[in-house]
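Chemist: Handing you this structure, nothing more for now.
The values are calculated or read from the model by the stated rules, or taken from the named source; none is laboratory data. Since this is a predicted model, take the numbers as computed values, not measurements. Because the Cβ atoms are built from the backbone with ideal geometry, glycine has one as well, and the counts that use them run over all protein chains shown. Keep in mind that these areas ignore ligands, DNA and RNA; they rest on the heavy atoms of the full protein, side chains included. Shrake-Rupley method; radii C 1.70, N 1.55, O 1.52, S 1.80 Å.
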Amino acid sequence: MIEPGKLFQLEGGQKRRKLALTFGALERDILGIAEKGTEYNFTTISRSDYIKQLVKILIKDPKLMDSAKAELEKLISASDFDELRTCNCARNHLLAIIGTFPAEWDLVIAPHASPTDENGIVRQREFFPGVCVYAEDIRSPFNIGSIFRTAEAMGAEKVYISPHCIDPDQPRAIRSGMGCIETMGWQQCALNELPSELPVFALETGGTEINEFEFPQKGICIIGSEELGVSPEALHRADYGRVSIPMKGLKASLNVGVAFGILMQKWIEQISN
């Protein structure tokens, strides 16, 4: 943390970068996840007043848009001052001025509930037995993390990944997965190593529309990469069929993580009735 008065001695670009880092550190402090030595420790000024002073410095920045100034002024004058929202808003306006836009791994998010209880006993995760996904050659760590996150949230039992998928233990995949990769059961295997007792279907264009598709009570859904889709070999392995999401846009294109989320909602909705 830096005293507000010292910021005035810094040049424009240096001042903006220091402010952005400080707002990020404050967000972590508010969420209780500050790294050791970065906690807020000024005794002469409250954290709320400190944040307001930093925001007032930012408001004077000539490169800050008028709409951004109005938003920040409204935040710091609110009777119910929201420290976290104010810091997040200020940091993102600063990043926009600097020209560095926040990527997913830059997000400051509080950790989710621990997988263990207060006695250290692992909590039992609820899921739909036999509901699984096979991620084929997903190269993006953010997409594989998103797939794990959706699978865990919607109650899938297990995630299978192909030999050429990005490693789920890759740091950005772990970040994107929001802790789900550590708690979700997964296994790397080839197509011919998938459990033979479970029906296999593919999420791919040219199949039965999702609203008409009869999902199995148990099964494995194959999802492919955004670049190539599901491979011919995987489509051949999908003996239960092919399901498609109808789209009207000119591009008719969905991110693989978004498409998987739509599919999981429909699958779970159907087998829960």
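Chemist: When ligands, DNA and RNA are left out and all protein chains stay put, how many square angstrom of accessible area per residue does the chain have with a 1.4 Å probe?
Modeler: Accessible surface, normalised per residue, equals 56 Å².
Chemist: Now, a different point. To the nearest 0.05, how large is the calculated FRET efficiency for ARG17 and SER196 if R₀ is 51 Å and r is the Cβ-Cβ distance?
Modeler: About 0.35, to the nearest 0.05.
Chemist: Now for a different question. Full-extension gain between SER79 and GLU212, please, as 0.36 nm times their residue separation minus the C-alpha to C-alpha distance.
Modeler: Full-extension gain reported as 42.7 nm.
Chemist: Tell me, in nm to one decimal, what length is gained between ASN255 and GLU157 on full extension, where the rule is 0.36 nm per residue of separation less the Cα-Cα distance? List each step's numbers first, then the result.
Modeler: Details: separation 98, 0.36 × 98 = 35.28 nm, distance 2.26 nm.
Full extension of this stretch gives 33.0 nm more.
Chemist: Label point 7 Å out from GLU226 along Cα-to-Cβ: which residues of segment 192-218 have amide N under 17 Å?
Modeler: Those under the cut-off are 204-205.
Chemist: Quick one: 3J(HN,Hα) in Hz for segment 205-212, Karplus 6.51/-1.76/1.60 with θ = phi - 60°, rounded, Gly and Pro as x.
Modeler: Those phi angles translate into 5, x, x, 5, 4, 4, 6, 10 Hz.
Chemist: Using a Förster distance of 35 angstrom, determine the FRET efficiency expected from the C-beta separation of GLU182 and ILE271, and round it to 0.05.
Modeler: 0.85
Chemist: Just how far, in whole angstrom, is segment 136-154 from segment 26-100 if you go by their alpha carbon centroids?
Modeler: 32 Å
Chemist: If you don't mind, there's one more thing I want to ask. For segment 139-273, compute the number of Lys pairs whose alpha carbons are separated by less than 27 Å, excluding pairs fewer than 8 positions apart on the same chain.
Modeler: On the way: LYS158/LYS218; LYS158/LYS266; LYS218/LYS266; LYS248/LYS266; LYS251/LYS266.
The result is 5.
Chemist: How long is the gain from ILE262 to THR43 if the chain were fully straight, where each residue apart is worth 0.36 nm and the alpha carbon distance is subtracted?
Modeler: Taking 0.36 nm per residue and subtracting the Cα distance, the gain is 73.9 nm.
Chemist: At what distance in nm do the modelled label points of GLU71 and ALA34 sit from each other, each positioned 7 Å from its Cα along Cα→Cβ?
Modeler: Distance between the two pseudo-spin positions: 2.5 nm.
Chemist: Same structure, new question: Per residue of the chain, what 222 nm ellipticity follows from adding -39500 (n - 2.57) for every DSSP H run with n ≥ 4, rounded to the nearest 500?
Modeler: For the chain, the value works out to -12500 deg cm²/dmol.
Chemist: Separate question: Mind checking which lysines have their Cα closer than 28 Å to the Cα of LYS52? Skip sequence neighbours fewer than 8 apart in that chain.
Modeler: LYS6, LYS15, LYS18, LYS36, LYS60, LYS63, LYS69, LYS74
Chemist: Averaging over all projection directions, find the projected area of the Cα convex hull of segment 175-241 and quote it in nm² with one decimal place.
Modeler: 6.0 nm²
Chemist: Nearest 5 percent is fine: what portion of the DSSP beta bridges confined to the chain is antiparallel?
Modeler: 10 percent
Chemist: In debye, nearest 20: dipole of the chain around its Cα centre with unit charges on the Cβ of K, R (+) and D, E (-)?
Modeler: Around 1200 debye, computed over the chain.
Chemist: Next question, about the same structure. When Rg/Rh (Cα atoms, Kirkwood Rh) is calculated directly from the model, which label among (1) 0.95; (2) 1.09; (3) 1.03 fits?
Modeler: Recomputing Rg/Rh (Cα atoms, Kirkwood Rh) here gives the entry labelled (2).
Chemist: Mind giving me the FRET efficiency for GLU3 and ARG172? R0 is 51 Å, r the Cβ-Cβ distance, nearest 0.05 is fine.
Modeler: E between GLU3 and ARG172, to the nearest 0.05, is 0.90.
Chemist: Answer with one residue from ALA173, LEU54, CYS89: the one whose Cα lies farthest towards the positive end of the charge dipole of the chain, charges on Cβ with Lys, Arg +1 and Asp, Glu -1.
Modeler: Checked the options; the winner is LEU54.
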